[in-house]
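Structure, as C-alpha cells:
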Amino acid sequence: MTSREPILVIKDLHVAVEDKQILKGVNLTINKGEVHALMGRNGSGKSTLGYTLMGHPRYHITQGKVLFKGKDLSEMTADERARAGMYLAFQYPVAIPGVSVSNFLRASVKAVRGQDVPVKEFRKELKEHLTKLGVKEDFLSRYVNDGFSGGEKKRLEILQMALMKPQMALLDETDSGLDIDALKTVSAGITALAGPEMGILLITHYQRILNYVTPQFVHVMQDGQIVLSGSGELAHKLEAEGYDFVTKEPAVATQSRT
Amino acid sequence: MNSDVHTIARETIEDLALKQKTPSWTKDLRLASWEAYLQTPFPTTRDENWRRTVIESLDLSTLKALEFAPSTSGADKSFPACFQSVIKHFSQANSTLSGICYQGNGRPGYIELSDEAKSKGVIFCDIETALANHADLLQPYLAKRNASKENGKFALLTGALFNCGLFLYVPKNVELKSPFVSGIGISTCANTSGDFGGAIFPRLIVVAEPESNVSLVHLTGSADTAGDNDCRSLPASLSASMVDVFVSDGANVSFVELSQFAQNVYAIGTVHNEVARDGKFTAVNVALGGKQVKSDIYTHLQAQGAASEILGIVLGSHDEHYSFNTIQEHNAPDTKSDINFRVALKDNASSVYQGVIKVDKCAQKTDAYQSNKNLLLGAGAKADSIPRLEILADDVKCSHGATVGPVDPEQLFYLASRGLPEKIAEELIVLGFFKKVLDKLTVDGAADWLVEAVSQKIDDSGYCA
C-alpha cells in the first residue's frame with residue numbers, strides 16, 4: 001500500500017524557453033513510493049519538464065505551479081531543490097574537466113547531507129555502490145564525465161542518485177545509449193534505490209527500460225501536455241502500436257485515477 | 001630602515017660593487033646594462049608589447065632598492081607562511097629536498113644543500129654568493145643577455161641593479177630526483193617608513209649541463225599580503241626580474257614558478273629559456289597577484305630535438321592586470337614546443353596574452369602548439385588573446401587556439417543540481433580548469449601545492465596570509 005502522500009504536485013504547468021512555449025498545461029501528481037513513466041515522441045516536452053522541475057535557469061514557468069513536498073518550487077534555486085531532495089539524472093551528463101569524480105561526489109554529498117562525511121566511511125560507501133554498478137575503482141580518479149562512454153555517464157548518474165538518496169528522482173532518458181548489459185545494471189540500480197519514501201519519474205522515449213523498472217503509472221506527453229495516462233500496461237500498448245494511436249484517443253485526466 | 005635601501009641611480013651600482021666581494025668585471029657588466037637602460041625609452045601603451053599594461057604611473061625615481069643579505073646555512077628558518085607551505089608540500093612529496101634557498105629583505109638569507117647535491121658537484125646559492133665564489137663559471141651565462149636591449153627597459157635595470165636571485169648549476173650527467181626550492185619574499189605593505197616604494201631586481205641563472213636532470217621550484221612574492229586590499233593605497237613598488245635557463249644537450253629541466261605580489265607591486269619579468277640538442281624544458285608559470293604583472297617568456301629551441309613545454313596559470317582579482325607574452329623560437333629542425341596558458345579573472349581583473357610562434361627557415365619539421373583559454377568570472381573582467389605566427393620554413397606543424405568566455409552555464413547547472421551553490425560550483429570548475437594543465441607537471445608535489453595556492457586565492461583569503 002502506498003501512503004498516497006503526494007511528494008510532487010504539478011498544476012497546469014506552462015513553461016517557456018526564450019519566449020517559445022514548450023509546456024502548455026501539465027498536470028501530474030506523484031505520491032511517495034510511486035514510479036511513474038513519462039513517455040512521448042522526441043520534442044514533446046518530456047526533458048523540458050525534467051529541467052524545469054530541477055530549476056534550469058533557461059526554463060521559465062509562465063503559468064501554473066509545482067509543489068515539492070508542499071513547497072512552491074519556483075521559490076527555490078536548483079541547488080536548494082537538490083538539497084531538499086530533488087534529483088535529476090541527466091540525459092546528457094555534463095563534463096567537468098579537471099574535477100575528479102571523488103572530489104565532486106564528496107562535495108555534492110557534503111552539500112546535500114549538510115555535513116562532511118568522514119573520508120573512510122565515504123570510501124566504504126562508494127566502494128559498495130561501485131561494485132553494484134559494475135564500475136572499477138579508478139573511475140573515482142577520472143574527471144567528471146570527461147571522455148566517459150555513454151554507459152559510464154549513466155552509471156555515474158545512478159551512483160550519484162544512490163549517494164544523494166533523493167525523495168524525488170527524475171530520470172531523463174537514463175536508458176538511452178546503453179547496451180543491454182548496461183541497461184540491466186543501471187535498471188537494477190534504480191530498482192534497488194526505489195522505496196516507499198521515494199517518488200520516481202522515468203522519462204523515456206522507448207519502452208525497453210520499463211521491462212526492468214516497472215512503473216505503476218504511465219503518461220504520454222504530446223505537444224507540451226499529458227494527453228494520456230494509464231497503468232503500466234499502457235507502455236506495452238505503446239510499444240506495440242507506436243505513438244500514433246494516442247492522438248486518436250481522448251486525454252485521460254491524471255486526477256481520475258485517485 | 002633607510003640605511004637598507006638605495007635610490008635607483010648609477011651610484012647604486014658603485015655601492016653594490018663595493019659591498020660585494022666580486023670581480024671587477026661585474027661592475028662593468030652592471031654599468032653596461034645601466035647605459036643601455038638610460039638609452040632605452042620608458043615603455044608606453046603605444047608599444048605593441050605594452051599596449052594594455054598601464055605603466056606610466058610608475059615613477060622609478062621614487063623607488064628605493066631593497067637590500068638583501070647573503071644566504072648562509074644555519075640562518076633563521078622562520079620563513080613567511082607562504083614559503084613554509086612550499087617547503088611542506090615538496091618535503092612531503094619527496095624524501096629530502098635537493099636544496100632550499102630563501103631571501104627576504106631585512107632578514108638573513110637562508111641556504112641549504114642536500115648531501116647528495118653537494119657530493120655531485122651541484123652549485124646552488126644566491127647570486128651574490130655566486131659572484132663571489134663561482135665568478136668564472138657564472139660569467140658567460142650572466143653576461144649573455146644582461147645588457148641586451150631587446151629585453152627592454154626593465155630587464156636592463158635588473159641587469160644593472162640585480163640585488164637578489166639565484167644560481168643553480170648542475171654538472172654533466174647529474175640527475176637529482178627531488179627539487180630545489182627557492183623563494184624571494186619582500187615586504188612592500190608593511191614598509192614602516194611608508195613614504196617610498198621598494199624595488200627588487202631578482203636575477204636567476206639556471207645551467208643544466210649535458211644529460212643532467214633537475215627541477216627547481218621558485219616563489220617570488222610579497223611576504224605580507226595578508227589583507228592586501230590596504231596595499232593599494234601604499235606607494236607603488238617594483239619587482240623587475242630576469243631569468244635565464246640553459247638546457248644543454250640531452251638535459252632535462254623542470255621549472256615551477258609562482259609569483260604573488262600585493263596590489264601595490266608592479267611585477268615585470270623577462271625569461272629566456274635556451275634549449276640545446278635533445279634537451280627538454282618544462283615550466284609552469286603561475287601568477288596570482290600584483291598591480292600590473294607582465295612577463296615576456298622567450299623559448300629558444302637551438303638545436304635538433306630540442307623540446308619545450310610551457311604552462312601558464314593566471315588567477316586575477318580586484319583591478320589586477322596581467323600581460324603574458326610568449327615567444328616560441330624554433331631555430332633548428334625537428335624541434336617541438338607546446339604552450340598552454342589558462343587564465344581566470346574575477347572582479348575587474350584583466351589579462352592580455354600575446355603568443356608568437358617563430359619558425360626559422362632552417363627549422364623544418366617544427367611541431368609547435370599554442371593554446372590560451374580565458375575564463376571571465378567577474379562582471380568587469382576582460383581578456384584578450386592575440387596569437388601570431390611567423391613561419392619561414394615550409395614543412396611544419398603549427399597550431400594555436402584561444403577561447404574567452406564565462407563559465408559554462410550548463411556546468412554550473414549540473415553542479416547546482418547536485419546541491420552545490422553557485423560560488424562553490426564555480427570554484428570547483430575553475431580549479432578543474434587549471435588542474436587539467438597542472439596534470440602535465442612531473443615534479444612531485446607541484447600540482448597539489450599550486451592547486452592549494454590557487455584555491456586560497458579564489459577564496460580571497462590571500463596565499464601569504
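Taking only alpha carbon atoms, the stretch A:90-192 gives an Rg to Rh ratio of 0.93, where Rh is the Kirkwood radius. For a label point 7 Å from the Cα of B:Glu150 along Cα→C-beta, name the residues of the stretch B:340-383 whose backbone N is under 13 Å from it. Under cut-off, by backbone N: B:358-360. Charged side chains reduced to their Cβ positions (Lys and Arg at +1, Asp and Glu at -1) give the protein assembly as shown a dipole of some 1280 debye around its Cα centre. Computed over the stretch B:300-412, relative contact order equals 26 percent, with contacts defined as Cα pairs under 8 Å that lie 6+ residues apart.
Taking amide H as placed 1.01 Å from N in the peptide plane, the amide H of B:Val293 sits under 5 Å from that of B:Ala267, B:His321, B:Tyr322, B:Ser323, each at least 5 places away or on another chain.
Can you give the FRET efficiency for B:Asp459 and A:Asp146, using 1/(1 + (r/R0)^6), R0 = 22 Å, r = Cβ-Cβ distance, to the nearest 0.05? My answer for the efficiency is 0.35. The share of C-alpha pairs in the stretch B:2-406 whose separation exceeds 39 Å stands at 12 percent.
With R₀ set to 25 Å, the beta-carbon distance separating B:Asn133 from B:Gln304 gives a calculated FRET efficiency near 0.10. Under the shape rule built on the C-alpha gyration tensor, where the axes satisfy a ≥ b ≥ c, the stretch A:20-81 is oblate, since a/c reaches at least 1.5 while a/b does not exceed b/c. Qualifying chymotrypsin sites (Phe, Trp or Tyr not before Pro) in the stretch B:20-80, where qualification requires a DSSP coil assignment and no more than 14 other C-beta atoms within 10 Å, are lacking entirely.
In sequence order, the stretch B:122-138 has phi-based couplings of 6, 10, 9, 7, 6, 5, 5, 5, 5, 5, 6, 10, 10, 4, 5, 5, 6 Hz under the Karplus curve 6.51 cos²θ - 1.76 cosθ + 1.60, θ = phi - 60°, and Gly or Pro positions carry x. A Cβ-based charge dipole, computed about the Cα centre of the stretch B:2-406 with Lys and Arg at +1 and Asp and Glu at -1, lands at about 320 debye. Looking at chain A, the pairs of alpha carbons with a distance over 33 Å make up 17% of the total.
So how far, in whole Å, is the C-alpha centre of the stretch B:305-335 from the one of the stretch B:397-457? Cα centroid to Cα centroid, the span is 19 Å. The reciprocal of the average 1/r between distinct C-alpha atoms defines the Kirkwood hydrodynamic radius, which for the protein assembly as shown equals 28.6 Å.
Scanning residues 5 or more positions from B:Thr326 or on other chains, those with amide H under 5 Å from its amide H are B:Ile297, B:Gln354, B:Gly355, B:Val356, with H placed 1.01 Å from N in the peptide plane. Here r is the Cβ-Cβ distance between A:Arg208 and B:Asp384 and R0 is 41 Å; the resulting FRET efficiency, rounded to 0.05, is 0.20. Per residue of peptide A:47-59, the mean number of Cβ atoms on other chains within 10 Å of the residue Cβ is 2. Sorting the segments A:223-230, B:290-297 by their mean number of nearby beta carbons within 10 angstrom, highest to lowest, gives B:290-297, A:223-230. Neighbouring Cβ atoms from other chains, within 10 Å of the Cβ of residues in A:70-79, number 3 on average.
Sort A:Asp146, B:Asp59 so the one with the fewest other Cβ atoms within 10 Å of its own Cβ comes first. So the residues, fewest neighbours to most, are B:Asp59, A:Asp146. If only the Cβ of Lys and Arg carry +1 and only the Cβ of Asp and Glu carry -1, the dipole of the stretch A:96-154 around its Cα centre is close to 120 debye. Within the listed set A:Val15, A:Val26, A:Val94, the residue fluctuating most in the Gaussian network model of chain A (springs between alpha-carbon atoms under 10 angstrom) is A:Val94. Exposure proxy ranking for B:His321, B:His330, based on other Cβ atoms within 10 angstrom of each Cβ and starting from the fewest, stands as B:His321, B:His330. Label-to-label distance for B:Asp394 and B:Lys27 is 5.7 nm, based on points extended 7 Å past Cα in the beta-carbon direction.
Between A:Glu239, A:Glu173, A:Glu121, the GNM of chain A built on Cα springs shorter than 10 angstrom shows A:Glu121 fluctuating the most. Highest-first packing order for the peptide set A:75-84, B:309-318, B:364-373 is B:309-318, B:364-373, A:75-84, based on the mean count of other beta carbon atoms within 10 Å. Name the residue farthest towards the positive end of the dipole of the protein assembly as shown from the options B:Phe246, B:Gln139, B:Ile184, assuming +1 on Cβ of Lys and Arg, -1 on Cβ of Asp and Glu, about the Cα centre. Result: B:Ile184, furthest along the dipole toward the positive end. For the residues of A:98-111, the average number of beta carbons from a partner chain within 10 Å of their own beta carbon is 5.
Here, each number is a calculation from the coordinates, and none is a lab measurement. Here the structure is a predicted model, which means the values were calculated and not measured. FYI the Cβ positions are ideal-geometry reconstructions off the backbone, even for glycines, and counts take in every protein chain you see.
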